[in-house]
Amino acid sequence: MGKRIAFISEHASPLAALGGADAGGQNVYVGEVARQLAMMDYQIDIFTRREEKKLPKVVPFGDKIRIIHVNAGPAEDIPKETLLQYMPAFKEDMLRFMKEEQITYELIHANFFMSALVAMELKKELGIPFVVTFHALGHIRRIHQGDNDQFPKERITIEENAVKEASMIIAECPQDREDLMTYYKASAEKITVIPCGVNVEELYPVNKSIARSLLGLPYDEKVLLQLGRMVPRKGVDNVIMALAKVKCKHSKVRLLIVGGDVDTAKELTRLKLLAAELRVSDKVYFLGQKSREDLKYYYTAADLFITTPWYEPFGITPLEAMACGTPVIGSKVGGIKYSVADGHSGALVPPKDPDALAHKITTLLQAPALLREMGNNALRRVNKLFTWELVARDMQAVYEGIIGNNDTSSPRNFRAEESISL
Ligand code: UDP
C-alpha cells in the first residue's frame with residue numbers, strides 16, 4: 001500500500017466549476033498533482049471545505065484519491081477572504097475524520113495560507129511534517145491591491161510562521177522564490193522551485209478550422225482569446241483597451257472573453273461598460289465559464305492568447321494555450337515571464353500598458369508565418385518543461401526527501417530563468 005499524503009486546499013476543490021471569482025488555478029493544481037502522484041502509488045486525501053450541504057463527506061476522485069468535504073463554516077460558497085475564522089473548525093473536523101477512519105498521514109501538502117495554518121496546528125498536535133505551496137503571497141497582494149485587499153491582516157504573520165514551520169516551501173517560479181526570500185526571509189535551502197503544469201491529454205491542438213466551426217466562429221477574422229477568473233487584477237480591461245487600438249489592415253479582429261459567473265457580475269459589468277465606451281462592444285464576446293473539455297477548442301481557435309495581469313504567482317492559462325499550439329502575449333510578471341519565452345513562444349509586454357499590448361498584437365497578427373512558428377515552439381516548450389507528470393516527479397523528490405526514500409532523483413529545481421530556455 002502506497003504512502004498516505006493529505007492535501008489541504010481549504011477554498012479550492014478540484015470538483016468546483018472554474019473561472020468565477022475564487023475557483024481557478026489552485027483547483028486545477030491540487031487535482032492534477034494528486035492524479036499524477038496517485039499513479040506513482042501514493043494515496044491522496046484532498047481536504048477541502050464543504051461548500052454545499054448535499055455533498056457526500058467522501059467523494060472518490062479516481063484511483064487512490066478521495067476528496068474529503070470538511071465541515072467548517074456555512075455549507076455554501078463564501079468569499080475566500082472571509083474563511084480564516086473557520087480554520088479551527090476545519091482542523092477539528094479533519095482530526096475527527098482521521099480518528100473515525102483510524103488513519104494518519106506521512107506528510108501534509110498545504111495549499112494557500114489558511115491550509116498552511118491548519119497544517120501547522122496538525123504538526124503541533126500529531127507531529128506530521130508539511131510542505132506548502134502558497135499559490136499567492138499576502139505581501140505581494142498588498143503591494144498591488146492596497147486597500148482593496150480584503151484578506152485579514154493576520155495573513156502575513158501566518159505566512160511568516162508557515163515559512164518557518166514547513167519542511168519545504170514549493171515556489172512556483174523564480175519570482176515567487178525571490179519574493180519568499182525578500183519579504184518572508186525564507187532561506188534558499190528551504191525553497192524548491194516547481195512550476196505548474198498542463199494536462200496534455202486534455203489540452204492539445206485540434207484543427208483550427210474545425211475548432212472555429214464547432215464554436216461558430218468566422219474563418220476570415222483574427223481571433224484573440226482571454227480566459228480565466230474575472231477579477232480586476234487579471235487586467236482584462238487592459239486587453240479591451242488594447243483591442244480598441246489594434247489596427248489590422250486586412251481583416252476584422254474579435255476578442256473572446258471566457259470566464260466569469262454570478263459572483264463576478266460587478267467586474268463583468270465594468271468590462272462591458274468599458275467596451276461600450278471604447279466603441280468595441282461589437283468586437284468583444286463575453287462567453288462565461290467553459291468546461292475543461294471545451295477549452296482546447298477555444299485555445300486552438302484563437303490566433304493569439306492574451307493575459308496581462310498586474311502580477312501572477314504562476315498562471316496556468318498561458319501553458320494551456322501553448323499546449324494547444326497557440327502563442328501567448330502575456331505581461332512580463334511572475335510566472336508568465338518564466339513560462340512564456342519572449343520572441344519564441346509568444347511575447348511579453350508590461351502590465352497596464354494598452355499601447356504596448358496593441359502594438360504587439362498588431363505586429364504579430366500581421367506576421368502569420370512567425371505566429372505559426374511561435375505556436376510550434378510553444379507546443380514543444382510545454383511538452384518538454386511543463387507537464388503535470390514532470391511536476392509530480394519533482395514533487396515526489398521533495399516528499400521523499402522528507403519522509404524517507406532518498407534514492408528518488410532530485411527535483412529539477414529551476415533556480416534561474418536561464419535554466420529553462422529552450
Ligand atoms: N478555467 C476554466 N474555465 C473557465 C475559466 C478558467 O476551466 O471558464 C480554468 C483555466 O483553464 C485555468 C484556471 O481556470 O486552468 C485558471 O488558472 P490560472 O493559474 O491561469 O489563474 P488563477 O486562477 O490561479 O489566478
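The values are calculated or read from the model by the stated rules, or taken from the named source; none is laboratory data. Remember, predicted model here, so these are calculated numbers, not experimental data. A quick note on method: Cβ atoms are made from the backbone with ideal geometry, for glycine too, and the neighbour counts reach across all protein chains shown. The protein model used for the area step is the full one, side chains on, heavy atoms only, and it has no ligands, DNA or RNA in it. Shrake-Rupley method; radii C 1.70, N 1.55, O 1.52, S 1.80 Å.
Return yes or no: is A34 under 26 Å from G260 (Cβ atoms) and surrounded by 21 or more Cβ atoms within 10 Å (Cβ to Cβ)?
In short, no.
Can you tell which of I191, I257 is under 18 Å from R292 (Cα atoms), without any contact (Cβ under 8 Å) to a residue 40 or more places away in the chain and surrounded by 15 or more Cβ atoms within 10 Å (Cβ to Cβ)?
After applying the criteria, what remains is I257.
Looking only at the stretch 312-322, how many residues end up being more than 8 Å from the ligand (Cβ to nearest atom) and in contact with a Pro (Cβ under 8 Å, 6 or more places away or on another chain)?
So the answer is 1.
Grab the helices (runs of 4 or more DSSP H) fully contained in the stretch 83-189, keeping just those with 2 or more residues being among the acidic types (D, E).
Helices (runs of 4 or more DSSP H) meeting the threshold: 87-101, 113-126, 154-165, 174-184.
Name the one entry in D63, D41, D22 that is part of a loop (DSSP other than H, G, I, E, B) and surrounded by 15 or more Cβ atoms within 10 Å (Cβ to Cβ).
Result of the check over D63, D41, D22: D22.
Tell me the residue from A89, A72 that is of a type in the set (G, A, S), in contact (Cβ under 8 Å) with a residue 12 or more places away in the chain and either within 27 Å of I194 (Cβ to Cβ) or open to solvent by 20 Å² or more (accessible area, probe 1.4 Å) (or both), please.
It is A89.
Give me a count of the residues in the stretch 194-235 that are within 14 Å of the ligand (Cβ to nearest atom) and either in a strand (DSSP E or B) or in contact with a His (Cβ under 9 Å, 6 or more places away or on another chain) (or both).
Total satisfying the criteria: 5.
Restrict the check to the stretch 8-26 and report whether at least one residue is at pLDDT 95 or above, over 27 Å from K153 (Cβ atoms) and of a type outside the set (A, V, I, L, M).
Yes, there is a match, as at least one residue in the stretch 8-26 is at pLDDT 95 or above, over 27 Å from K153 (Cβ atoms) and of a type outside the set (A, V, I, L, M).
Give the stretch 271-311 a look and list any residue that's within 11 Å of the ligand (Cβ to nearest atom), in a helix (DSSP H, G or I) and open to solvent by 50 Å² or more (accessible area, probe 1.4 Å), or say none.
Hits for the stretch 271-311 are R292, E293, D294.
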